[in-house]
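In what follows, a single structure is set out as structure tokens and then discussed.
Bear in mind these aren't lab numbers, they're just calculated from the coordinates by the rules spelled out. Model, not experiment: these values are computed from the prediction. Note that each Cβ is placed from the backbone with ideal geometry, even for glycine, and that neighbours are counted across all protein chains shown.
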Amino acid sequence: MARLTARPTPATAPWRALVLAAAALYFLVPLAASVVFTVDVPGRGVDLGAYTRILDTEGFLPSLLLSLELAAATIAVVLLLLVPAAVALRLTAPKLRPVVEVVCAAPLVVPPIAFVAGIGTVLKWGPEHLSRTPLFQTFVAVQNPDFPVVLVLAYAVMALPFAYRALDAGLRAIDVRTLVEAARSCGASLPQALLRAVLPNLRGALLSASFLTLALVLGEFTTAQLLGFRPFAVWIVNISGSQAQMSVAVSVMSLLVTWLLLLVLAGFGSRRTPSSTSDRK
Amino acid sequence: MTPLMSLTAPAPDANAAPGPADAATVELRGLRRAFGTTTALDGLDLTVRPGELLALLGPSGCGKTTALRMLAGFEHPDSGEILVDGKDVTTVPAHRRDAGMVFQSYSLFPHLNALDNVAFGLRMRRVRTAERRARAAELLELVGLADKGDRFPHQLSGGQQQRIALARALALRPRVLLLDEPLSALDAKVRLTLREEIRRLQQELGITTLFVTHDQEEALSMADRVAVMRAGRLEQCAAPAELYARPATAFVAEFVGTMSRVPGRLLASGATVEVLGRRLPVDGTPPSTGDGADVDVLVRPESLGVTVDRAGEGRVLGTSFLGATVRVSVALADGTLVKADVPAHDAGRPAVGEPVRLTLPDRPVLVAPRAT
């Protein structure tokens, strides 16, 4: 990052400022408009009532918690799936990389609406044919409205392209094979080598993969709505019909919360872990 | 193998030179390995004596790195076996091989500082913190970087990183030290100092060491013995001086140092060769090409004399100044290109285009079948 934000030469500086200003305008104007809309009550001036009312509104906390739980579960599934796969790909089968890349990019090509239609069909078809097998209970369990596992599975697929990119970039920056071999010649078994020599150097990539997944799950609407669950994004859309001002206030809040999480993760990522040998006195 | 014992036992004279008696013998027997259609090793036999530094030298793709990686446990032979102190370790996994390795590319763990990098192996063996701190500090001192323990790899120069990597490889007191072109990523000056340092350390510790390199100068200057490899096989394994003076094959002769081929004719009995207008005895066994056969005589540039002579059959094509000597390229009458070194201070240095006569000292010469 340090190299990217290097001091500009005098010739490029005005251009940078111009581009930055244009981008800021593009992003900040809609945001500012939203904020103004939420606090400006005609005839009464500035009023923060829209924000204070959020907490009292029915369904706010449960839907937000559900979204956060789904996000945590999705992150776990995605990382457990992708990290071993990406590392194994680098170590043993570099030729398969394009294949995995295409597979991981596929969810970008399939429209969410088609994806969810497919899931819906399977969910309907399954119980009909499997009603006499133990699998029937599985179908019921994955659709538990308190914690819909089927959404975790769907989100994991939808997060694949982003998480894979982030991980791949992290793996590209280190020489996995040499690190593993160096660790092994130092007496580490293969799992130890991966855990102690490779994973710590992927922390940045793991964090950005997690963050992208988190952002995706918090904002996902189509799948959840069509499958009939009510996480945060669905809740926002539902209340916007009755309380327009508050729904925008919630959106602004969730944006700020997301930024805050990003900053926390970024700060966490740039901090060095205390060294195990030199710090313990 | 009791690495844990040897680590935790008090070792007051750990860095005092142990006699070659406790250094390991390494034997590679008939190692074969093919990657798809390419044969990396084609029956390699090699014995490394206790406490010696053996350089594996050869062109790229000759299998030297594969051989080293097999000894480290990162590659497995299709057939053949690897013995350390007479014990077959072919199926022992890499992390139980008791071999320290330094890699070509910088291989330090980026998330650990220098001290933790060196202590990594000790941590894997669950050595207590205080002890591994002491041992790691001791090793950093050994490679002359005692004050850099808290630096991270990206804060260290390439040469320093390789020193740390060397310290890390030595941390577990391995039986064998493996060096995979550790100097090739460094610039020339650092390479020279580190070369001497590796040699000094190796002799001090008396550890059996294998050193892979494609740089013949590196191999000749550092190693006790040099094993020249070609296409997955051993061509010759000998002390540097012997390798240079008495190469066993034409390949070794031309790969190690510079060799010119001067056309000659093998005389009856095959013990004498006629070259550059004189008859010289043949060194070693002549190629079995029969009497009166056309052969090439292999000569080092420094053993050729060059004198300006109007009647000479050679013509100077170019000269290049090498410091102490000037290398003269001479084209013979039949078009053969020959290189000769003449002292730089010689007043009679031939100019480009001048006719010259080449002379050979009165010594036995190496003969190879005529190259086509």
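Brief remarks follow.
- Cα-based shape type of the range B:30-81, given that a ≥ b ≥ c are square roots of the gyration tensor eigenvalues and the cut on a/c is 1.5: prolate
- Amide H contacts for B:Thr208 (H built 1.01 Å from N in the peptide plane; partners 5 or more residues away or on another chain; cut-off under 5 Å): B:Ala24, B:Gly51, B:Leu177.
- Here the protein assembly as shown is treated with +1 on each Lys and Arg Cβ and -1 on each Asp and Glu Cβ, and its dipole about the Cα centre works out to around 840 debye.
- Projected label distance in nm at A:Glu128 and B:Arg327, using a 7 Å step from Cα toward the beta-carbon: 8.2
- Note on B:102-112: average number of Cβ atoms from other chains within 10 Å of each residue's Cβ is 6.
- Neighbouring Cβ atoms from other chains, within 10 Å of the Cβ of residues in A:173-182, number 5 on average.
- Basic side chains Lys and Arg get +1 at the Cβ, acidic Asp and Glu get -1 at the Cβ, and with that the dipole of the range B:34-190 about its Cα centre reaches some 740 debye.
- Using alpha-carbon coordinates, inclination of helix B:188-205 to the longest axis of chain B, degrees: 60
- If only the Cβ of Lys and Arg carry +1 and only the Cβ of Asp and Glu carry -1, the dipole of the range B:258-369 around its Cα centre is close to 180 debye.
- For chain B, alpha-carbon Rg relative to the globular expectation (2.2 N^0.38 Å, N residues): 1.19
- Positive-end residue of B:Pro281, A:Ala17, B:Gly86, charge dipole of the protein assembly as shown with Cβ unit charges: A:Ala17
- Estimated D of the range A:131-243 in µm² per second, where Rh is the Kirkwood radius over Cα pairs and Stokes-Einstein applies at 20 °C, 1.002 mPa s: 125
- Peptides B:191-198, A:136-143 ranked from most to least packed give B:191-198, A:136-143, packing being the mean of other C-beta atoms within 10 angstrom over each peptide's residues.
- The Cα atoms of the protein assembly as shown define a convex hull whose projected area, averaged across directions, is 45.6 nm².
- According to the Kirkwood relation over distinct C-alpha pairs, the hydrodynamic radius of the range A:59-266 is 19.0 Å.
- Per residue Cα convex hull volume in Å³ - calculated over the range B:79-134: 131
- An oblate overall shape is assigned to the range A:20-158, the ratio a/c of its alpha-carbon gyration tensor axes (a ≥ b ≥ c) being 1.5 or greater and a/b not exceeding b/c.
- Cross-link table B:Lys87/B:Lys189; B:Lys87/B:Lys148; A:Lys95/B:Lys64, entries beyond 30 Å C-alpha to C-alpha: B:Lys87/B:Lys189; B:Lys87/B:Lys148
- For the range A:77-195, the fraction of alpha-carbon pairs lying more than 25 Å apart is 43 percent, rounded to a whole number.
- DSSP beta bridges in chain B [antiparallel fraction, %, rounded to 5]: 75
- Positive-end residue, chain A charge dipole about Cα centroid, Cβ charges, pick of A:Ala93, A:Ala72, A:Leu218: A:Ala93
- A straight line joining the Cα centroids of the range A:162-210 and the range A:12-65 runs 39 Å.
- The mean count of C-beta atoms from other chains within 10 Å of the C-beta of residues in B:118-130, rounded to a whole number, is 4.
- Cβ-Cβ FRET estimate between A:Leu20 and A:Asp56, R0 fixed at 41 Å, reported to 0.05: 0.55
- Averaged over residues, the count of other Cβ atoms within 10 Å places the peptides B:201-213, A:83-95 in the sequence B:201-213, A:83-95, highest first.
- For B:Val273, the residues whose amide H sits under 5 Å from its own are B:Leu267, B:Leu280, B:Val282, ignoring neighbours fewer than 5 places away on the same chain, with H placed 1.01 Å from N.
- Cα gyration tensor, the range B:108-180 - rounded (a/c under 1.5), prolate or oblate: oblate
- Placed amide H near B:Arg370: partners under 5 Å, 5+ positions off or other chain: B:Asp296
- Remark: the range B:173-181, residue by residue, has Karplus-estimated 3J(HN,Hα) of 6, x, 6, 10, 10, 10, 10, 9, 6 Hz, where x stands for each Gly or Pro and the curve is 6.51 cos²θ - 1.76 cosθ + 1.60 at θ = phi - 60°.
- Based on the convex hull around the alpha carbon atoms, the range B:172-255 presents an average projected area of 6.3 nm².
- Ordering of B:339-345, B:276-282, B:260-266 by packing is B:260-266, B:339-345, B:276-282, highest average first (other Cβ atoms within 10 Å, averaged per residue).
- The range B:258-369, Cα convex hull volume normalised per residue, Å³: 96
- What the phi angles of the range B:22-34 give under the Karplus curve with 6.51, -1.76 and 1.60, with θ = phi - 60°, is a coupling list of 9, 7, 8, 9, 10, 10, 10, 10, x, 6, 10, 7, 10 Hz, glycine and proline written as x.
- Dipole of the protein assembly as shown computed with +1 at Lys/Arg Cβ and -1 at Asp/Glu Cβ about the Cα centre; of A:Gln143, B:Gly144, B:Ala72, farthest Cα towards the positive end is A:Gln143.
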